[in-house]
Amino acid sequence: MKNPEEVVLAVVNSVLELSNEGKQAKAQHILPFVYQSVMEYPHILWNNVEVWKVAKALLVMHHYDMIDEEEDELRMIQIAFVLCQRAIELCEKDLENNREHYFNALHTQTMLLTSCSDYFADTIAELCSKTVLSEEERAVALRLANRILPILSYNVVVKIDDAFENFNNDTFLAELCNNFELEHPDITPKQLDDAIKIHRMLVNKYLELFK
């Protein structure tokens, strides 16, 4: 009999295959199992480099607009972000044997940051503020967060560029990098370093969901 991790991974693989083939209805039929499993047991596949696939399946679920409650969807995206980070860190321990998973984990995290940016902005605004905000201050903090988010995405893309020639021939990543550099020609090393720190703060904040 298969253990729970094997079952979840098998279902996730099916979801990703069906999604890639454009078979949305079939993918939607089995996605609730993935969602329920991960929301109840977020640590499932925690020590498996393929845990990024769970994050990708949750991202697919987001794009299919399958979650009714905004709070539930927010939690799902935040968990997906951490699962990508977990896969990235596992792969970096043995990069030679996990290059494909490393690329896919970084790619999925980039997709989360770019296509779900609104879901991260509130947390960044909170992390960058040390006091309870008035409505006006909150608006300013959110504008700051929305300026920081593209830098977070860019830093992940830079990691991909460092590890893979020509962004592993991925057009989306190449265009994302090119557009960012055109729009931010004066980006400073300090801004990049600050974004790395905020990235880590996001991970640590969302890890609270795994307790």
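Throughout, read-outs are computed from the coordinates displayed, never taken from laboratory work. Model, not experiment: these values are computed from the prediction. As a convention, Cβ positions derive from the backbone with ideal geometry for all residues, glycine included, and neighbour counts pool all protein chains shown.
Relative to the longest principal axis of the Cα atoms of the chain, helix 99-115 runs at roughly 60 degrees. Packing around the peptides 31-41, 186-196, taken as the average count of other Cβ atoms within 10 Å per residue, puts them in this order, highest first: 31-41, 186-196. Estimated at 0.36 nm per residue, the fully extended path between residue 174 and residue 191 surpasses their Cα-Cα distance by 4.0 nm.
An oblate overall shape is assigned to region 4-210, the ratio a/c of its alpha-carbon gyration tensor axes (a ≥ b ≥ c) being 1.5 or greater and a/b not exceeding b/c. Across region 149-162, coupling constants 3J(HN,Hα) worked out from phi with the 6.51/-1.76/1.60 Karplus curve, θ = phi - 60°, read 4, x, 6, 4, 4, 4, 4, 5, 5, 4, 4, 5, 5, 5 Hz, and Gly and Pro carry x.
With respect to the chain, whose longest principal axis is taken over its alpha-carbon atoms, helix 189-206 is tilted by about 40°. Scoring 101-111, 139-149 by mean Cβ neighbours within 10 Å over their residues and listing the highest first yields 101-111, 139-149.
Within 10 Å, count the other beta carbons around each residue, average over each peptide in 117-124, 84-91, 204-211, and list them highest first.
Numbers: 117-124: 18.5, 84-91: 22.8, 204-211: 13.0.
Peptide ranking by packing, descending: 84-91, 117-124, 204-211.
Stretched out fully, how many nm does the piece from residue 134 to residue 33 gain, at 0.36 nm a residue minus the Cα gap?
Taking residue 134 through residue 33 to full extension adds about 32.3 nm, to one decimal.
In the chain, the longest principal axis of the Cα atoms and the axis of helix 117-127 are about 60 degrees apart.
Net charge dipole, the chain: roughly 400 debye, given to the nearest 20, about the Cα centre with Cβ charges of +1 for Lys and Arg and -1 for Asp and Glu.
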